[in-house]
Amino acid sequence: MQHPEEVLCRILLIEDTPAEADIIRKLLQDGRRFAIDHVTRLEQALSRLAAQDYSVILMDLHLPDASGVDGCARILATAPLAPVIVLTNENSDELAMAAMRLGAQDYLNKREIDRKLLLRSVQYAIERHRSDARLRESEERYALAVAGTNDGVWDWNCKTDAFYYSPRWTEILGWSNETARASGVQCWLEQIDSQDRESFEHALNDLKSGQASHLEHEHRIRTPQGEERWLLVRGLAVRDSAGAVQRMAGSVSDITRRKQAESQLIHDALHDSLTKLPNRALYMDHLDLSLRRYLRDSSKLFAALYFDLDRFKNVNDSLGHAVGDQLLVEVALRLKSCLRPGDTLARLGGDEFAILLNDIAGPTDAIYVAERVRDHVTKPFSIEGHIVYTSASVGIAVSSGAYRKPGEILRDADLAMYRAKADSNVTYAVFDTNMHQQALAQHRLETDLRHALDAREFFLCYQPIVALEDSRVSGFEALIRWAHPERGVVNPDDFIWAAEETGLIVPIGWWGLAEACRQIKQWQQMFPSTPPLSVSVNVSGKLLLTGDLPKRLQALLEEWKLTPDSLRLEITENVVMDHGEIVMDSLLTLRALGIQLQIDDFGTGYSSLSYLQRFNYDTLKIDRSFVHSMSDKVDSSAIVEAIVTLGNTLGMRVIAEGVETPEQVRRLRAMRCPEAQGFWYSRPLPEREVTGLLEQEAAGGSNTHVLRFKSGTCH
Ligand code: C2E
Ligand code: MG
Ligand code: MG
C-alpha cells in the first residue's frame, strides 16, 4: 500500500531558462512524490493544461510568449482549480504581488529558493488548494440546498445589528435588493401583521435570552404591494463562551399556499358544499358557545330551531335530484334573509335545517322566527320551470339550566319538531319536559320490544267471528298480546305502532303467522269440521312489502299440512292503496294460492272500487267506529248499510266489527249484514278458553260451533 505522502504529485513547470528549470527539478528531486512536466512556453503550458490536471503549477513570469501577469492570468483562466506558484527574479516582488492578487497561491524568488522552501511552498499550495476546494464545495452545496428549498435566509449580527436578507427573502418580502440592503431587522418586524407581531417578538426574544433553544414561528406579513403572505420563520442563536448572543440566523419559508389550503380544508369541513351554509359540526360548535355563555350568564337566552322540508322526498323522486338540490339552495337563500347577522342557519344534512338564535328576549322571539321560516318556506319556489311547494314544521328548544351539552338541545328541538308535525294544526312546537318523558318512554318501549320476541313474550288471543243469522261461529281472528314482565298484558294498540316504526313488525309478523298455523292445525285435529276451522291473521303492510309473504305462507301451509282456506289475511285498506307493484304482485300470488284476503277497518281509509275487484277480496270488515255510531247523533247507519250492500253486490263476505249491543245486532241483521264480531259475542279469548269452548261443542255432537257469548277474559 502507498503511504499518503507517496501519492504522486503532478507538477507543471513552465520555465524557459534551462539552467533554472534544472535547478527546480533537482530541488524537487524525489522520484516517488513528484512527476514533473516541463515546458518552456505559455502556449505549450496551456495545451498541457487542456489535456491534463496538475496538482501544482510552477511558472516563470518571463516567458518568450508571455511576460508579466498576463501569462499568469491566462494560466489561471485555463486551470482555475490548480494552485499556481510564480517564480520571480530579484526585484520583481511587485509583479509577484500582482499575480497573487489574480489568484496565485505563492511566489518564490529564484535566487533565494532552496529545497526546503520550495517543498514547503508546494506542500502549502496543495493543502491550501484542497481546503479551498472543500470550502467551495460546501458553499456550493449550501447554496444549492437553499435554492432548492426555495427558502429565504436571514442572518442578524447582534453585535453590529447588521441584518442580512437573502435574495429569496427579499423577494418574499416584496422588496427590491436596495431596500433589503438598506433595511435592518426593524423593517421586517414592521411588515408583520399587527395580530401576529407581538407573539413573534416574544418568540424572537425567547431565542435571544436563551429561553428557547430555537425559533419556529408562523405569521402573516403584508408586502408593500398590499399582498398578505404567511411565513414560517426558523432560527438559531450563536453565543459566545459567556452565553451572550453573537448572532441569530435562520430560514424563512413562504407558506401562504399551505395556509390557504388549510383554511379551505377547515372551511369545507365546517360547511355544506351545496348550500354553503354551516354544517352540523359548526352548528354544534356555535350551540356549544351559546350554551356556555348562558351557563355563565343566564340573561343570555338563546334558542335552537330545527326543521325539515315536508314532502322533500317527493320532490326528489318526482322532479329529480337536481331540482331537489336547487330547492335546498333556494330555501337556504330565503331563510338567510330572515335572520340577524349573529344568528346561525345551518344545514344539518339531507333536508334538515337548524337555526341558532342568540340574545333573544324569550321563547316568543323564537316563535316569531319559526313563523317567518314557515312563511318563507311555504311560498312556492320556481325551479327549472317547475313550481315547487313545500312546508316546514319547526321544533324549538329554548336555553335552560338543565342543558349540559349542545346535543341535548338539538335533540329536544328535534322532538318538538316531531310533535309539531304530528299536529296538522300547528307549524311549530316549543319543547317541554313532557315531550322528553314521552320520548324516553318510547325508547324504553322499543328496547323492550326488541327483547320481547327472543323472550317469547308474545301470544295470540282469538276472537270468534259469528254469523248474525244464527250466531254460529264462522271463524276466529287472531289478535296479538304482549305479556310484558312489568306492565302485564299489553294490547297491540300500545305497541304495534312502535313495532311498525322500528321495523320489528316484520319478525313479529312472521312469528304471528307461524303461531296461528300451529294453533289452527291443533284445533283442526282436535275438532274436525266442515268447512275446516279458519283463523284470520292481521298482516302489516311491511310484511307484504318484503315480497316474501306468499313464499313463506306456502311453506307454512305445507309444513302444517293446512288447506289454504284455513288461513285468512286481514289487510287494512290503505296498505293496498299506498304501496306499489311488490304489494300488488304479492296479493295476486296469495289469491292464486287460495288464501283469503280481507279488508280490515273498511271505511277508515280510501279504497278504489277497481282495486276491490282486481284483487278479488273475500271480505270487507266494517270498522267498528261506524258500528258504534249507528245510534249516535251523527248516525252512520247509512254508511254501514252502503258497505253491506256493496259487499253483497260484489259477492263478498261482510263482517261488522265491534258489535257490543243487541241493538247493533238487530240493526245489522235488518241490513242483511251476514257476519259480526264484537264484545256482545265474545272478547278475544286465550287459546285454552277457545279449546274449552270447542270441546263443549264437540261434546254436544255438533260439527259447527253454535254459541252466543257474553263472557271473555282476554281483552
Ligand atoms: P283489528 O284488526 O281491527 O282488530 C280488532 C280490534 O277490535 C281488536 O283489538 C279487538 O280486541 C277489538 N274489538 C273486538 N270487538 C270489540 C268490541 O266489541 N268493542 C271494542 N271496543 N273493540 C273490539 P286489539 O286486539 O286491541 O287489536 C287492535 C289492533 O291491533 C287490531 O285491530 C289490529 O289492527 C292490530 N293487531 C292485532 N293483532 C295484530 C297482529 O298480530 N299483527 C298486526 N300486524 N296487527 C295486529
Ligand atoms: Mg283485524
Ligand atoms: Mg279491524
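The values are calculated or read from the model by the stated rules, or taken from the named source; none is laboratory data. Predicted model, so just to flag it, every value in this text is computed and none were measured. Don't worry about glycine lacking a Cβ; one is built from the backbone with ideal geometry, like all the others, and counts go over all protein chains shown. With ligands, DNA and RNA removed, areas are computed over all heavy atoms of the protein, side chains included. Shrake-Rupley method; radii C 1.70, N 1.55, O 1.52, S 1.80 Å.
One table, with the values for the structure above:
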read-out: Subset of region 644-664 (residues that are open to solvent by 10 Å² or more (accessible area, probe 1.4 Å) and either at positive phi or β-branched (Val, Ile, Thr) (or both)); value: Thr645, Thr649, Gly651, Gly658, Thr661
read-out: Flag for Ile480 being assigned to a strand (DSSP E or B) and within 16 Å of ligand 2 (Cβ to nearest atom); value: yes
read-out: Verdict on Asp470 being part of a loop (DSSP other than H, G, I, E, B) and more than 30 Å from Leu291 (Cα to Cα); value: yes
read-out: Pairs, first under 18 Å from Ser382 (Cα atoms) in region 330-345, second assigned to a loop (DSSP other than H, G, I, E, B) and open to solvent by 90 Å² or more (accessible area, probe 1.4 Å), C-beta under 9 Å, six or more apart; value: Ala332/Lys276; Arg334/Lys379
read-out: All positions within region 532-556 that are open to solvent by 10 Å² or more (accessible area, probe 1.4 Å), within 49 Å of the chain's Cα centre (by Cα) and more than 11 Å from ligand 1 (Cβ to nearest atom); value: Leu545, Thr546, Gly547, Asp548, Pro550, Lys551, Arg552, Gln554, Ala555, Leu556
read-out: Some residue of region 541-550 being within 16 Å of ligand 3 (Cβ to nearest atom) and either under 30 Å from Ile643 (Cβ atoms) or in contact (Cβ under 8 Å) with a residue 40 or more places away in the chain (or both); value: yes
read-out: Some residue of region 591-614 being under 26 Å from Glu515 (Cα atoms), in contact with a strand residue (DSSP E or B) (Cβ under 7 Å, 6 or more places away or on another chain) and away from ligand 2 (no atom under 16 Å from the Cβ); value: yes
read-out: In region 606-642, the residues that are within 16 Å of ligand 3 (Cβ to nearest atom), part of a helix (DSSP H, G or I) and either basic (Lys, Arg) or open to solvent by 10 Å² or more (accessible area, probe 1.4 Å) (or both); value: Arg624, Ser625, Phe626, His628, Ile639
read-out: Out of Glu500, Glu457, Glu477, sole residue that is within 16 Å of ligand 1 (Cβ to nearest atom), in contact (Cβ under 8 Å) with a residue 40 or more places away in the chain and within 42 Å of the chain's Cα centre (by Cα); value: Glu500
read-out: Failed condition for Leu569, given (1) farther than 23 Å from Gly475 by Cβ; (2) surrounded by 15 or more Cβ atoms within 10 Å (Cβ to Cβ); value: (1)
read-out: Region 150-171 residues that are small (Gly, Ala, Ser), paired with ones that are in a loop (DSSP other than H, G, I, E, B) (beta carbon under 7 Å, 6 or more apart); value: Gly152/Ser166
read-out: Some residue of region 272-289 being open to solvent by 60 Å² or more (accessible area, probe 1.4 Å), assigned to a helix (DSSP H, G or I) and not aliphatic (A, V, I, L, M); value: yes
read-out: Residues of region 220-241 that turn out to be open to solvent by 40 Å² or more (accessible area, probe 1.4 Å), among the hydrophobic types (A, V, I, L, M, F, W, C) and either in contact with a Leu (Cβ under 7 Å, 6 or more places away or on another chain) or touching a residue at least 12 places away in the same chain (Cβ under 8 Å) (or both), as a count; value: 2
read-out: Residue in region 683-703 that is surrounded by 18 or more Cβ atoms within 10 Å (Cβ to Cβ), part of a strand (DSSP E or B), modelled with pLDDT of 95 or more and within 16 Å of ligand 3 (Cβ to nearest atom) present; value: no
read-out: Only one of Asp132, Asp106 that is surrounded by 13 or more Cβ atoms within 10 Å (Cβ to Cβ), farther than 16 Å from Asp60 by Cα and of a type in the set (Asp, Glu); value: Asp132
read-out: Residues of region 572-600 satisfying the condition of being under 21 Å from Ser629 (Cβ atoms), buried (at least 19 other Cβ atoms within 10 Å of the Cβ) and touching a helix residue (DSSP H, G or I) at 6+ places or on another chain (Cβ under 8 Å); value: Thr572, Ile599, Asp600
read-out: Asp308 vs. criteria surrounded by 18 or more Cβ atoms within 10 Å (Cβ to Cβ) and not aromatic (Phe, Trp, Tyr); value: yes
read-out: Filter result for Trp510 (within 16 Å of ligand 3 (Cβ to nearest atom) and open to solvent by 30 Å² or more (accessible area, probe 1.4 Å)); value: no
read-out: Restricting region 581-624 to residues that are within 16 Å of ligand 1 (Cβ to nearest atom), of a type in the set (Val, Ile, Thr) and within 47 Å of the chain's Cα centre (by Cα), the residue that is modelled with the highest pLDDT; value: Ile599
read-out: Subset of region 557-580 that is under 19 Å from Leu533 (Cβ atoms) and under 47 Å from the mean Cα position of the chain (by Cα) - its residue that is nearest to ligand 3 (Cβ to nearest atom); value: Glu570
read-out: Lone unmet requirement of (1) of a type in the set (A, V, I, L, M); (2) over 35 Å from the mean Cα position of the chain (by Cα); (3) modelled with pLDDT of 95 or more for Val506; value: (2)
read-out: Number of positions in region 488-510 that are of a type in the set (Phe, Trp, Tyr) and either farther than 17 Å from Ala422 by Cβ or outside any helix (DSSP H, G or I) (or both); value: 2
read-out: Residues (under 36 Å from the mean Cα position of the chain (by Cα) and open to solvent by less than 40 Å² (accessible area, probe 1.4 Å)) located in region 201-219; value: His217, His219
read-out: Residue in region 397-408 that is of a type in the set (S, T, N, Q) and open to solvent by less than 60 Å² (accessible area, probe 1.4 Å) present; value: yes
read-out: Matching entry among Arg481, Arg450, Arg487 (being farther than 30 Å from Asp375 by Cα, at pLDDT 90 or above, of a type in the set (Lys, Arg) and surrounded by 17 or more Cβ atoms within 10 Å (Cβ to Cβ)); value: Arg481
read-out: Top-ranked residue in region 480-497 [being within 14 Å of ligand 1 (Cβ to nearest atom) and among the acidic types (Asp, Glu); ranked as farthest from the chain's Cα centre (by Cα)]; value: Asp493
read-out: Leu513 being at pLDDT 95 or above and not basic (Lys, Arg); value: yes
read-out: Cβ-Cβ under 9 Å pairs, at least 6 apart or on other chains, region 586-610 side at positive phi, far side β-branched (Val, Ile, Thr); value: Gly594/Thr563; Asp601/Thr572; Asp601/Ile622; Gly603/Ile622; Gly603/Ile639; Gly603/Val640; Gly603/Ile643
read-out: Region 643-662, residues that are within 16 Å of ligand 1 (Cβ to nearest atom) and part of a helix (DSSP H, G or I); value: Ile643, Pro662
